[in-house]
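J.: Questions regarding the structure given below will be posed in turn.
The values are calculated or read from the model by the stated rules, or taken from the named source; none is laboratory data. None of these values were measured; they are calculated from a predicted model. Here the Cβ positions follow ideal geometry from the backbone for every residue, glycine too, while neighbour counts run over all protein chains shown. We work out accessible area using only protein heavy atoms, side chains counted, and drop any ligands, DNA or RNA first. Shrake-Rupley method; radii C 1.70, N 1.55, O 1.52, S 1.80 Å.
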Amino acid sequence: MYISLIIYLCVFTQNSGDVNNYPNILLISVDTLRANHLSCYGYEYPTSPNIDKLAEKGIVFDNCIAEVPLTCPSFSSMFTSKFPRTIGVTRNGLGISEEDISITELFKDKGYFTFCVQSNWTLKAKLSGLKKGFDIYDDDFHVKRWGIFSPERIADEVTQKCIDIIKKLPEDKTFFGWVHYSDPHAPYHFRKKYNVHHEEKVRKNEKTYKTVKFYDSEIRFTDEQIGILLENIPENTTIVFVADHGESLYEHNYLGHGRKLYQNEVRIPLIIVSPEIKPGRTEIPVRGIDIGPTILAIANIQKSKGMLGMDVLNESIDKERVRVIETYGGAVPKIPILRSLMKKSGPIMQSVIVEDWKLIVKGNQKELYNINEDPKEINNMAKKYPEKVSKMQSIIEKWTKNTPINNKKDIKKLSNEDLEILRSMGYLE
Ligand SMILES: [Zn+2]
């Protein structure tokens, strides 16, 4: 058993319900940012000096996984604290419904001013439904770049938008803000000024090396912008830093995210910085649905009925905690009726993690890894430990049976522009 990390509730419950007694909270998220490409998560190249500084001031969660390695489903899980299948948001292009309560609505009810600066097309209000509860949801980025509609807004513009909104707020207004950066998402643009791979020696695999070099330059650029943002926000703002999913950089013969469940795609950074928190690191098992209740607890807001995650700052979490995750693939079909039918189709891959052991199941294919000893998931031990495989598989089966897929009918309408963008991002079948 782990002892809870801090005693937020004790600090704040003695205050009145007045929102001014609670901190400003800024959720900073980065799309497609695998944890192990940040220096503060052990990466050998200096991609993240500003995020590292943040990490030194706060608590770093070493063992946090996304519910699903895909943008809109992952954020929908964080904001509703429910599994993607429970809310019927298993792919991009499917958004949350009116009946799914988002943490933003609870912040709004508490009296917080709420704003969001968005940068990823799949998170636009009309596609994601995540606008609920936000006073400002700035998702206006229709600029064409490189001759095509850009699926993302570039980090410098995101930073500036966020600073502008905060500067215009009255000083006595307590805020919950969400700022999302998307630069590390493909297509990766090489930012020479932010290149962290300076050695010129020829690598064995030039294609992989170039991809990693490009990807890392996008991370370093985003990090720079996060540094600028952090210098321009009110002191004592509580910061929650997270990613929606990682990225496979040709590992397991795959470039991208959404289709597999290896650690490169599902292990995400999570850092929380607040005057109330003693800096440090923890390996408690955390998952996407915990993000919402944890942020709520910082403002002493009770999670709503049906929210499934835990407040990882205050609740005790077993190190044996069972985490089942799954993916449905990345893309949505072009034809609306197929999008409706698709809801009934099951996951393409499922996985369960219990302590150091991880089982990945795809049809009859089973892979078992000790992710502590073999973090790259190379040595499949399924044949060596058949009993472990069968025990872990039965956990997945039980979870699947007890967690019905939501077959809600309200499918978001996709315009021709949406279809063009989703195609450019690789999210259209
Ligand atoms: Zn994403």
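J.: Which condition number in (1) of a type in the set (Phe, Trp, Tyr); (2) assigned to a strand (DSSP E or B); (3) over 21 Å from the mean Cα position of the chain (by Cα) is the one that residue 209 fails?
T.: (2)
J.: Scanning the stretch 279-290 for residues that are in a loop (DSSP other than H, G, I, E, B) and open to solvent by 40 Å² or more (accessible area, probe 1.4 Å), which turns out farthest from residue 378 (Cα to Cα)?
T.: Taking the candidates together, the pick is 279.
J.: Kindly check whether there is at least one residue in the stretch 89-101 that is more than 16 Å from the ligand (Cβ to nearest atom), farther than 19 Å from residue 266 by Cα and not in a loop (DSSP other than H, G, I, E, B).
T.: No; the residues of the stretch 89-101 include none that is more than 16 Å from the ligand (Cβ to nearest atom), farther than 19 Å from residue 266 by Cα and not in a loop (DSSP other than H, G, I, E, B).
J.: A further question follows. For the stretch 82-91, state whether one or more residues are open to solvent by less than 10 Å² (accessible area, probe 1.4 Å), at positive phi and under 17 Å from the mean Cα position of the chain (by Cα).
T.: Among the residues of the stretch 82-91, not one is open to solvent by less than 10 Å² (accessible area, probe 1.4 Å), at positive phi and under 17 Å from the mean Cα position of the chain (by Cα), which makes the answer no.
J.: Here's a follow-up. Which of (1) assigned to a loop (DSSP other than H, G, I, E, B); (2) within 30 Å of residue 358 (Cα to Cα); (3) more than 16 Å from the ligand (Cβ to nearest atom) is the odd one out, the single condition residue 275 does not satisfy?
T.: Tallying (1) assigned to a loop (DSSP other than H, G, I, E, B); (2) within 30 Å of residue 358 (Cα to Cα); (3) more than 16 Å from the ligand (Cβ to nearest atom), residue 275 fails exactly one: (2).
J.: Further question on the same structure: Which one of the conditions (1) modelled with pLDDT of 95 or more; (2) within 16 Å of the ligand (Cβ to nearest atom) does residue 124 fail to meet, given that it meets all the rest?
T.: It is condition (1) that residue 124 fails.
J.: Given 206, 231, 224, 276, which one is without any contact (Cβ under 8 Å) to a residue 60 or more places away in the chain and over 29 Å from residue 377 (Cβ atoms)?
T.: Details: 206 fails: over 29 Å from residue 377 (Cβ atoms); 224 fails: without any contact (Cβ under 8 Å) to a residue 60 or more places away in the chain; 276 fails: without any contact (Cβ under 8 Å) to a residue 60 or more places away in the chain.
Just a single option satisfies the conditions, and that option is 231.
J.: Now for a different question. Of the residues 293, 275, 333, which is assigned by TED's automatic domain parsing to the domain that holds residue 60, surrounded by fewer than 19 Cβ atoms within 10 Å (Cβ to Cβ) and either modelled with pLDDT of 95 or more or out of contact with any strand residue (DSSP E or B) (no Cβ under 7 Å at 6 or more places or on another chain) (or both)?
T.: Step by step, each of 293, 275, 333 is checked, and only 275 is assigned by TED's automatic domain parsing to the domain that holds residue 60, surrounded by fewer than 19 Cβ atoms within 10 Å (Cβ to Cβ) and either modelled with pLDDT of 95 or more or out of contact with any strand residue (DSSP E or B) (no Cβ under 7 Å at 6 or more places or on another chain) (or both).
J.: Could you tell me whether residue 69 is under 30 Å from residue 412 (Cα atoms), within 16 Å of the ligand (Cβ to nearest atom) and open to solvent by 10 Å² or more (accessible area, probe 1.4 Å)?
T.: no
J.: What's the number of the condition residue 173 fails, among (1) open to solvent by 30 Å² or more (accessible area, probe 1.4 Å); (2) within 16 Å of the ligand (Cβ to nearest atom)?
T.: The failed condition is (2).
J.: Taking the condition of being hydroxyl-bearing (Ser, Thr, Tyr) and under 23 Å from residue 219 (Cα atoms), how many residues in the stretch 256-295 meet it?
T.: Going through the stretch 256-295 one residue at a time, the tally reaches 1.
J.: Which of the residues spanning the stretch 191-221 are open to solvent by 70 Å² or more (accessible area, probe 1.4 Å) and at pLDDT below 95?
T.: 192, 198, 200, 201, 202, 203, 204, 205, 206, 207, 210
J.: Restricting attention to the stretch 249-261, which residues are assigned to a loop (DSSP other than H, G, I, E, B) and either among the charged types (D, E, K, R) or within 16 Å of the ligand (Cβ to nearest atom) (or both)?
T.: Scanning the stretch 249-261 gives 254, 257, 258, 259, 260, 261.
J.: State which residue pairs qualify: first residue without any contact (Cβ under 8 Å) to a residue 40 or more places away in the chain and inside the stretch 253-270, second residue outside any strand (DSSP E or B) and open to solvent by 20 Å² or more (accessible area, probe 1.4 Å) in any location, beta carbons under 8 Å apart, and separation of 6 or more residues or different chains.
T.: So the pair list comes out as 254/260.
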